[in-house]
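Notes to accompany the following structure.
Derivation of every value follows stated rules applied to the coordinates shown; laboratory data play no part. Computed from a prediction, not measured in an experiment: that's the story for all the values here. Note: ideal-geometry Cβ built from the backbone for every residue, glycine included; neighbour counts use all protein chains shown.
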Amino acid sequence: MARPPRAVFVTLAAGAALAGLVSAAQAVPASSQHVTSRTAGTAAPVVLAPAKAEGVAPTAAGVRKALAAALADPSLGKHYGATVFDASRNKTIYSVGTTRPYVPASTLKLLTTVSALETLGPDHWFTTSTVLSGRSLVLVGGGDPLLTVKRSKDPLDFPVRATLQDLATSTAKSLREQGVTTVTLGYDASLFSGPAANAKWQANYIPEGIAAPTSALWVNEGRLSPGMAKRAPSPAAAAAGSFAKLLRAAGIKVGASVKPVKAPATAEKVSEVRSAPVGDIVEYVNLHSDNDGAEVLLRHVGLATDNGGSYTGGLKGLRETLTKLGLNMSKARIEDGSGLSRTNQVPLDVLAGAVRVAVAKPELRHLISGLPVAGFTGSLEKRFAGPGTAGGTGLVRAKTGTLTGVHSLAGLVRTRTGSLLVFAVATDAVPADKPLEARAALDRAVAALATCGCAV
């Protein structure tokens, strides 16, 4: 039986009462839940018991004992590790296999999104606008990663997105008020610079739609059709083409040729639409492990730190920001914002560190509230369903990471005795025939943290 949305919300709210960090009202909102059925024997209770006050402190020996069986699973290969930080007492209590960094896969998004929250602020938005010079109208991209053509008909869609439909309607109205009914149309995506594809990505990523050419102007993340993998060769041109059709439908005559231009500094703004706030975008990116959204946020980090809107500028800004947040980046090699590159190398304490600083800094709370919930939401919706994992259902919040031969989880959990633990567990040496077994072993390890007092 599927859980009713309100029951899911109560479950999440109880699990998210994080020691002065996230109140029940700041848990992932009901509008962002995708309700799922759980098989008998693995389901969490409909309403979790309130979190206990912090009791006996967990110890290294206790955590080691809790994790031992799961980490001994041979499916994890020869390079696996874990780090556990007691956020209730502000100290690392356990680490194993942490002498070398790991290919993080999508857990790297934690670094990108915490940097975006830190540099831009959770209430910042991105603007897509139209400007007019004479009879020349320019569609100007502001780097809205979630811009779409039309509003979703799903009332539970989260976050609410800016649309080209709204921009076309308001632009047409403003033009008619000025007596303008015929325009030429250009588009300006110059906010971002440099290559649209990362040089460290595998050659098939863009042709197969695993990622889009990153642009400051696109709709549906460059997809030719919403929900489909295939991307437009030029997402900005495709967005402008869609906008031209919408303008014509709104009664404005638009010239047949739509070309890239630089919007004149003297052009008059006609209309604009604003994105969802950065905090909501961060929640979406982490919940759904959105590669394209992460790459756009990386470029915004570059701009916000005065390093430019290329992915290389973003990477420089990322390292600067994470260092200012107190993370030791000396052993980290970061090549992109999404974790798609297999040349990324990140220590587990850096991955856990992104969560740790978000626990300690309220302005970064969207990193926590957007984390998938084990067995319920996002990339963890269908996880924690196997033997030995039921104890983590509804209690574990974590970002997932998956590439061929790579699995990782980084997030937080409150133990049965009330301590808040931040963790990162990973392997990047999974035997080719054991991918699901390795993933299940990490799920068991994290579930063990939820069910232990870890004091012995």
- So which lysines pass the test for Lys361, namely a Cα distance under 27 Å, with those fewer than 8 places away in the same chain ruled out? Lys52, Lys91, Lys109, Lys316, Lys324, Lys331, Lys399
- Task: Report, in degrees rounded to the nearest 10, the 0 to 90 angle that the Cα long axis of helix 278-288 makes with the longest principal axis of the chain.
- Result: 60
- May I ask you to sort Glu335, Glu268, Glu177, Glu221 by Cβ crowding, counting other Cβ atoms within 10 Å and putting the fewest first? Glu177, Glu268, Glu335, Glu221
- Item | For Pro277, net neighbour charge (Lys/Arg +1, Asp/Glu -1) across residues whose Cβ lies under 10 Å away | -2
- Query: When DSSP beta bridges are limited to those with both residues in the range 127-276, what percentage is antiparallel, rounded to the nearest 5?
  - Reply: 50
- Given 102-115, 206-219, the highest-first ranking by average Cβ count within 10 Å works out to 102-115, 206-219
- Message: Which order do the peptides 137-147, 161-171 come out in when sorted by mean C-beta neighbours inside 10 angstrom, highest first?
- Response: 137-147, 161-171
- Within the under-13-Å Cβ sphere about Ser369, not counting Ser369, Lys/Arg +1 and Asp/Glu -1 give a net charge of 0
- Task: For the chain, find the longest principal axis of its Cα atoms and tell me its angle to the long axis of helix 348-360, 0 to 90°, nearest 10.
- Result: 80
- Determine the calculated [θ] at 222 nm for the chain from helices alone, applying -39500 (n - 2.57) to every DSSP H run no shorter than 4 residues and normalising by the residue count; nearest 500 deg cm²/dmol. -9500 deg cm²/dmol
- Message: Show me the trypsin sites (Lys or Arg not before Pro) within the range 188-247 that DSSP assigns to loop and that have at most 12 other Cβ atoms within 10 Å of their Cβ.
- Response: Lys230
- Task: Kindly express, to the nearest 10 degrees and within the range 0 to 90, the angle between helix 60-71's C-alpha long axis and the longest C-alpha principal axis of the chain.
- Result: 70
- Once Lys and Arg are counted +1 and Asp and Glu -1 for all other residues with Cβ under 12 Å from that of Thr323, the total becomes +1
- Query: Which of rounded, prolate, oblate describes the chain, given a ≥ b ≥ c as roots of the alpha-carbon gyration tensor eigenvalues and a/c under 1.5 marking rounded, otherwise prolate only if a/b is larger than b/c?
  - Reply: prolate
